[in-house]
Amino acid sequence: MTRCLLLSMHEWKQQHAPRVPKVDRVHLEVGSFTCVEPDQLVVTWSDAVKGTWLDGSELVIESVPLVGRCIRCQATYSPDAADGFRSPCCQHPMEEIVSGRELRIRSVAYGFETASPPPTASCPTVAC
Amino acid sequence: MHMPLEDSLGLNLLAANQHRADHNRAHFDAWNVLCLNVMSSPGAGKTSLLERSLAALSSRWAMAVLEGDMTTLLDAERLEAVGIPVVPITTGRACHLDAAMVGGGLKLLQQRLDPAELDLLWVENVGNLVCPAEFAIGEHRKVALLSVTEGDDKPLKYPVMFREADCVLITKVDLLPHLPVDVERIETHIRQVNPHTAVFRLSATSGVGFDAWHDWLAAQLTSVQTTPALIHA
């Protein structure tokens, strides 16, 4: 997962070429119904970026809780393994997941180590 | 010192892998090949499943296997013995196949045959109930195995795998008379996290359940081969 994050960050860096951004923080949204352990990802990130263009950057992870919607009663609820992920109102299986599957790079805080002013269109290919 | 800037990305953490998976998928569609990603914990019976299905279906469909393993070629050698082309992918320390690894396996496969002559490409993933569930490889269908010896709680303990699966195979059912496990409870737990997945009970030893499983495969193959590809590599 760390490798995938590094690859995605590398693709983002290419948008600023030839300048190399100095990254302060990378903000992630990680759903609780994923295979990612946030604390582990933070540890592996700090090791993986040492000596690279991302050295010194901080990984900030916001956990997104698992929320389901019961298709019978339309109520949202917090599915729990102890309850078999079922809807508490009618015991219906977990059909719709409203949130909890997120694995998203929300934003990147960065700058440029130069005296020149920053570009006005800093991110041409994403919705800023 | 630098002037602080911030880009809002909203970018999938796995975007780089997804790009490669989309590329693989475009090849599968162009070749008109159904690709299955077969996943389970170690020892659930993936290779035994393939041995039996490959032997039973080889006269009906042209097939090949990409065989993922952390180390050794043992599984690949077992499947080669069935007479089906097998490309081993040794992942080293990685606990799952990713799209780039499968892309590399496809290049090796192309050196041996024309993939457009295949009907079905099996990808046997590394034994692991966690990471493979998150990493798309370009497959059309995800197949998860759960053996009865693993207990009935695994769908609740590893829900992402079973949520993602298009089909769950409950394997080693010939052992049920010898185990204090309730297969109905296993299936109930699977359906609690994924009410719409197909579930079959199999034994690669006795062969029970394989006809229904192969019927499901035939339906998926028909579905993929009669659906025009939207994008081509």
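Write down the percent of antiparallel bridges among all DSSP beta bridges whose residues are both part of chain A, to the nearest 5.
Around 65 percent antiparallel, to the nearest 5.
What is the local net charge at B:PRO4, summed over the other residues whose Cβ is closer than 15 Å to its Cβ (Lys, Arg +1; Asp, Glu -1)?
Around B:PRO4, the charge tally is -3.
In percent, what relative contact order does chain A have, based on Cα pairs under 8 Å that are 6 or more apart in sequence?
32 percent
Please report the antiparallel percentage of DSSP beta bridges with both residues in the protein assembly as shown, rounded to the nearest 5.
Here the share of antiparallel DSSP bridges comes out near 35 percent.
To the nearest 20 debye, what charge dipole does the protein assembly as shown have about its Cα centre, counting +1 at the Cβ of each Lys and Arg and -1 at the Cβ of each Asp and Glu?
The dipole magnitude comes to about 300 debye.
Of the options B:VAL160, A:TYR77, A:TYR110, report the single residue whose Cα projects farthest towards the positive end of the charge dipole of the protein assembly as shown (beta-carbon charges: Lys, Arg +1; Asp, Glu -1).
Going by the charge dipole, the pick is A:TYR110.
Calculated from DSSP H runs of 4 or more alone, at -39500 (n - 2.57) each and per residue, what is the 222 nm mean residue ellipticity of chain A, nearest 500?
That calculation yields -6000 deg cm²/dmol at 222 nm.
By a straight-distance test (C-alpha under 23 Å), which lysines pair with B:LYS154 as possible cross-link partners, with residues fewer than eight away in the same chain excluded?
List returned: B:LYS46, B:LYS142, B:LYS172.
Full extension from B:ASP114 to B:ASP174: what is 0.36 nm times the residue separation minus their Cα-Cα distance, to one decimal in nm?
Gain on stretching B:ASP114 to B:ASP174: 17.8 nm.
Give me, ordered by chain and number, the residues 5 or more places off B:VAL87 or on other chains with an amide H under 5 Å from its own placed amide H.
B:VAL65, B:LEU66, B:GLU67
Work through the residues other than B:ILE89 whose Cβ is under 13 Å from its Cβ and net out their charges, Lys, Arg +1 and Asp, Glu -1.
-4
Under 5 Å between amide hydrogens, which residues at least 5 positions from A:VAL67 or on another chain qualify, with H placed 1.01 Å from N in the peptide plane?
A:VAL98, A:SER99, A:GLY100
With runs of 4+ DSSP H residues as the only contributors, calculate the mean residue ellipticity of chain B at 222 nm using -39,500 (n - 2.57) per run, divided by the residue total and rounded to the nearest 500.
One gets -11500 deg cm²/dmol as the mean residue ellipticity at 222 nm.
Pull up all non-local amide H partners of B:LEU9: gap of 5 or more, or a different chain, and H-to-H distance under 5 Å with H placed in the peptide plane.
A:SER107, A:VAL108
Give, as a single signed number, the net charge of other residues whose beta carbon lies under 10 Å from the beta carbon of B:ALA133, with Lys and Arg counted +1 and Asp and Glu -1.
In short, 0.
Which shape class, rounded, prolate or oblate, goes with chain B when its Cα gyration tensor gives a ≥ b ≥ c as root eigenvalues, a/c under 1.5 marks rounded, and past that a/b bigger than b/c marks prolate?
oblate
Below 8 Å, C-alpha to C-alpha, sequence gap of six or more: please give me the relative contact order for chain B in percent.
Result for chain B is 26 percent.
As an exercise, use a Förster radius of 22 Å and the Cβ-Cβ distance of B:ALA219 and B:SER58 to find the FRET efficiency, rounded to the nearest 0.05.
Result of the calculation: an efficiency of 0.70.
Every number here is computed from the coordinates shown, using simple stated rules; none is lab data. Computed from a predicted model, the values in this text were never measured in an experiment. Every residue, glycine as well, gets a Cβ built from its backbone with ideal geometry; the counts of neighbours run over all protein chains shown.
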